[in-house]
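> Submitted below is the structure of interest, expressed as structure tokens.
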Amino acid sequence: MSQQLMGWDDTIVALATPPGIGAIGVIRVSGKKAIEVVNVLFPSKDLQQQPSHTLHVGLLKTGATVLDEVVISLFKNPRSYTGEDVIEISSHGSPFVQEKIIQAIVSHGVRLAKPGEFTQRAFLNGKLDLAQAEAVADLIASNTEASRKAALHNMRGGFSSDLSELREQLIRFSAMIELELDFSQEDVEFADRSQLNELIGTLSLAVQKLLHSFQLGNVIRNGVQVAIIGKPNAGKSTLLNTLLNENRAIVSDIAGTTRDTVEEVLNIDGILFRLIDTAGIREHTHDVIESIGVEKSLEKMRAADIVLYLFDVNNTTVAELEVIVQQFRQEAIPYLLVGNKADVNVQASSAFTNFPDAIYISAKANNGVDALKKSLVARTISGDIHTEATIVTNARHYEALQKLASALKDVQQGLDSHVPGDLLALDIRQSLHYLGTITGQITNEDQLDFIFSKFCIGK
């Protein structure tokens, strides 16, 4: 799909750095008039005569008015991020100065860029495929080493390379089967069915591996929601403060102190755990505000990726804990039992032998908290977050891979049932279609607008 078909043969401008006061700001201009327009505002040098990938220092002016002293970065097509002529203006970081520069550029027939439009043009001009383009946004949004590494791997074409290999093999067999249809009267087979059968098996295993990686990828990209649940005074707020190493939640001996949920983020081994300290759950309370807090606690519990159920080892019975565990299991809620205040009575934990996976800590004394962190990681992450293999982190890719797996299953069933070549070719085309939707070989304008609208402006 070309830019001309989408009506994108004009020139765009946007601030590429975050808005606000800073040392410098970068204004990006891309399109066929980029060099021409900026050249009018930059009398220090004729940019149209300068080689690509060069820097130029001088005054930016509109008429006799000096806007700023800037550094011009010049990138001529096709050797630029977008594949078009690109100018990047490094100005001083005053929002007023940046706005005056952008206004001057717009006054020469350049329009303001939409969110993600620079990257969208890079995709349309063949500089990136769609999976790589989406990885750009993931890299910008990355906030842990694991998310940065996964996004960078995909942006550099790791995921696309895996898909390309699958697609090329499938296309080769598809071409042979399509050729058979042209000679249907001769009843010949150009595609070796046994080899195709082997290929479909290999492709299916590869797709399943990618699908299984999404659980880890989702954790890397979005983090893990951890609801800290328990009866009043179990020590939930104390545990949150200890995990964060700061006094974030109010701690009191008075039952029902926490009335609302308190949410904080903790980085453990490169994974973000979104900790939610909830109001203590007790069945009977006459306090209206506390009742609302309890209801919110139950909502958070059911929405969490894992529930950390904290209980006081000194005043919790085995029977009470068994009821809690049964409820978690009935509702299929992942949970981790944590016995708190084990320092008060060191023998108390021995009473809970029915729960061998429970962790025992003293949140107040910071004992056993490191073991709790390790257990959280082990319970929520299946796989190595530092692997060099491709990890699927995008829900759109996951959905397409699910459809691809189903299409490959149809091909396999067709082979097993010895269906005619035309029906087999139809299922193979469907498989190729779903592969193409991931990398962008098959797409439409509405889909592109939706994907790139989630990017930041200037990228």
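Read-outs: derived from the displayed coordinates by stated rules, not from any lab. Computed from a prediction, not measured in an experiment: that's the story for all the values here. Positions of Cβ are generated from backbone atoms using ideal geometry, with glycine treated the same way; all protein chains shown enter the neighbour counts.
> Give the lysines reachable from Lys61 as a straight Cα distance under 23 Å; neighbours fewer than 8 places away on the same chain don't count.
Counting by Cα, and skipping residues close in sequence, Lys61 has these lysines nearby: Lys32, Lys33, Lys45, Lys76, Lys100.
> Let me ask another. In a shell of Cβ-Cβ distance under 12 Å around Gly339, excluding Gly339 itself, what net charge do Lys and Arg (+1) and Asp and Glu (-1) give? Present the calculation step by step, with values, prior to reporting the outcome.
Values: positive: Lys341; negative: Asp312, Asp343, Asp357.
With Lys, Arg at +1 and Asp, Glu at -1, the net is -2.
> Provide the packing ranking of 65-72, 416-423, 434-441, i.e. peptides ordered by the mean count of other C-beta atoms within 10 Å per residue, highest first. Provide the component values of the computation, followed by the final result.
Values: 65-72: 16.1, 416-423: 12.2, 434-441: 20.6.
Packing order, densest peptide first, comes out as 434-441, 65-72, 416-423.
> In a shell of Cβ-Cβ distance under 11 Å around Gly31, excluding Gly31 itself, what net charge do Lys and Arg (+1) and Asp and Glu (-1) give?
Working: positive: Arg28, Lys32, Lys33, Arg111, Arg121; negative: Asp9, Asp10, Glu36, Glu84, Asp85, Glu117.
Net charge in that neighbourhood comes out at -1.
> Subtracting the Cα-Cα distance from 0.36 nm times the residue separation, let me have the gained length for Gln402 to Ala365 in nm, one decimal.
Working: separation 37, 0.36 × 37 = 13.32 nm, distance 4.77 nm.
My answer for the length gained is 8.5 nm.
> Would you tally the net charge around Lys76, using a Cβ to Cβ cut-off of less than 11 Å, leaving Lys76 out, and scoring K and R as +1, D and E as -1?
Details: positive: Arg79; negative: Glu84, Asp85.
Around Lys76, the charge tally is -1.
> Okay, moving on. How would Arg329, Arg429 line up from fewest to most surrounding beta-carbon atoms within 10 angstrom? Intermediate results must be reported in sequence, preceding the final value.
Values: Arg329 10, Arg429 14.
Sorted ascending by nearby Cβ count, the order is Arg329, Arg429.
> Could you list the trypsin sites (Lys or Arg not before Pro) in the range 73-106 that lie in coil according to DSSP, counting only those with at most 15 other Cβ atoms within 10 Å of their Cβ?
Values: sites: Lys76, Arg79, Lys100; in loops: Lys76, Arg79.
When the trypsin sites (Lys or Arg not before Pro) of the range 73-106 are filtered for loop state and at most 15 Cβ neighbours within 10 Å, Arg79 remain.
> Using a Cα-Cα cut-off of under 21 Å, which lysines could be cross-linked to Lys236, ignoring same-chain neighbours fewer than 8 residues away?
Here the lysines satisfying the reach criterion relative to Lys236 are Lys296, Lys300, Lys341, Lys364, Lys373, Lys374.
> What's the extension gain from Ile457 to Thr62 if we count 0.36 nm per residue and subtract their Cα-Cα distance?
Result for the pair: 139.7 nm of gain on full extension.
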